[in-house]
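What follows draws every value from the coordinates through simple rules; no lab data is involved. None of these values were measured; they are calculated from a predicted model. Using ideal geometry, Cβ is built from the backbone for each residue, glycine included, and neighbour counts are taken over all protein chains shown.
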Amino acid sequence: MTWGEVEPEVERWFLGLSAGHRGTVAFYVDLLAAQGPLLSEPYSRQLDGKLRELRFHLDTDAVRITYWTASGRRIILLTAFRKRRMRETAEVTRARRAMVRCVEERHTVDEV
């Protein structure tokens, strides 16, 4: 996944998966990389402003990777979680904080 930036949380989560699950995740992340901002439902959905989620299943679990597209169409994967509720407010808030932290640490010149 050299097409963008992967925050440490997502990298740790990814490396902890089985080989089969890593392959599934890589497929959807590659799909996002290929389609960029044009990727839409059911694979991607806007959460709040520039914040979006990549949507897929690992076995029977609905999984989300939050991300945003920075300058130069650079995709930054922020957080990963297993969906358990209709509206994951706490997870969206956590992803928003991660995005703000990326901007503050100058991972990009974009402003939130």
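For region 39-87, the calculated P(r), taken from all Cα-Cα distances in 5 Å bins from zero up to the bin holding the longest distance, is 5, 20, 30, 27, 10, 5, 2 percent. Relative to the longest principal axis of the Cα atoms of the chain, the long axis of helix 89-104 lies at roughly 40 degrees. Determine the shape class of region 1-102: with a ≥ b ≥ c the square roots of the Cα gyration tensor eigenvalues, call it rounded for a/c under 1.5, and otherwise prolate if a/b is greater than b/c, oblate otherwise. Here region 1-102 falls in the rounded category. Extending 7 Å from Cα along the Cβ direction at Val100 and again at Leu38 yields two label points whose distance is 3.4 nm. Each Cα pair under 8 Å and six or more residues apart adds its separation to the average, and for region 39-112 the resulting relative contact order is 22 percent. Fully extending the segment from Arg45 to Arg84, taken as 0.36 nm per residue of separation minus the present Cα-Cα distance, adds 12.4 nm.
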